[in-house]
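Every number here is computed from the coordinates shown, using simple stated rules; none is lab data. Note that the structure is predicted; figures quoted are calculated from it, not measured. Glycine gets a Cβ as well: all are built from the backbone with ideal geometry, and neighbour counts include every protein chain shown.
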Amino acid sequence: MSPAKTDSWPVTVVPGAPGPELLQEIQTVIAAAEDADGNPPFSEQTLVELKSAHASPQSVLTLLTYAPEDASPTVGEDLAGVAVVVLNGNEGVLEIVVHPAYRNDGVGAILADKLVEVRGLHGIKAWSHGDHEAAADLAASYGFRAIRELWRMRLVRQAPSSAEPQPTLEYPAPDGVSLRTFVPDQDEGAWVAANASAFAHHPEQGALTLADLQARMAEPWFDPAGFFLAVNASQEILGFHWTKLHPARAGQAAMGEVYVVGVIPDAQGLGLGKILTKQGIDHLQNAGLRAIMLYVDADNEAAVSLYRKLGFTKWDSDVMYGPLSP
């Protein structure tokens, strides 16, 4: 498709929750981009905020640009691109998705320019999922540079035969520690506290709230049987491994995920991270999943080393961009 004259493309600014009809349009563009690229264009927290009935202008800002009829491959106007900023006080995280039909038309720049106009870029950081060259160029044009790299690693191996009996909770834990699965309507508060302790210095994971947990528990993929806890004799949570299943989609088989593994500071050094990780991997493979993926910060040498020993290799990466100067 030849470059279009995008200076006349309208941009809609939506503070707060976009509403069900607009959300459906946004999800259509997200799905098209994910099918084309093989990875999701928005982070999970952004999707949670978009779906939340409690989203406010102080928590989320959405910008949408539509291709006019003369630039559209279909009849009428198409949603060509979406930018979402998840806000936390004076700071925010920006993500942009462009429909594959409108790539190389300057859609990302249209949305970024509008964001500069209505809000400015102060306190903003931006994710590029898959680290696309176009995203790097767009970031550079606004004086942004790469400040964080998040690897996606993948383990691919033959799943065991479904005819073989498979043990559960098989890994021996240290004395005084046992493994069990998450119990809904019982463990939510304790898990949120343990997660905050385990990820006190993590910019996203450590900030998860009870509402964030409940939003994920309401998703179709949530399965407490794949949410493992290491607890002491008083049933206090010392560590956890929450697994996730990604359903099959165009060109890609169903895949498991080492969703989040954490150990509270007081339980560090007991080997719980490795025990819980192996338990979750076995659970996913016993479910018939051949491939398992995970996200890990590229500079987390201890975690990267552990995952490599378990057979994971680097698959792709996401890059966060921030301003050259604070």
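Shown here: P(r) over Cα pairs in 20 Å bins from 0, in percent, derived from the displayed model; of the candidates [x] 30, 55, 12, 2, 0; [y] 31, 61, 9, 0; [z] 29, 55, 15, 0, it corresponds to [z].
Note on Asp131 and Glu219: their simple-model spin labels are 2.4 nm apart, each label 7 Å out from Cα toward Cβ. Note on region 204-326: percent of Cα-Cα distances in each 5 Å bin, starting at 0 and stopping at the bin with the largest distance, equals 2, 9, 17, 21, 20, 16, 8, 4, 2, 0.
Modelled label positions at Gln58 and Val156, each set 7 Å beyond Cα in the direction of Cβ, lie 4.7 nm from each other. Taking the DSSP bridge list for the chain and keeping only pairs wholly inside it, about 90 percent are antiparallel. With contributions of -39500 (n - 2.57) from each DSSP H run of at least four residues, the per-residue ellipticity at 222 nm computed over the chain stands at -8500 deg cm²/dmol. Starting from the Cα of Lys314, draw a straight line to each of the lysines and keep only those under 26 Å, dropping any in the same chain fewer than 8 residues away. The reachable lysines, counting only those whose Cα sits under 26 Å from Lys314, are Lys125, Lys244, Lys274, Lys278. Computed extension gain for Ala250 through Glu117, at 0.36 nm per residue and net of the alpha carbon distance, reaches 44.1 nm. Of all beta bridges that DSSP places with both ends in region 6-149, some 90 percent have antiparallel geometry. Multiplying the residue separation of Arg308 and Thr12 by 0.36 nm and removing their Cα-Cα distance gives an extension gain of 102.1 nm.
With the Cα gyration tensor of region 6-149 giving a ≥ b ≥ c as the square roots of its eigenvalues, does the rule (a/c under 1.5 for rounded; else a/b larger than b/c for prolate; else oblate) give rounded, prolate or oblate? The shape class here is rounded.
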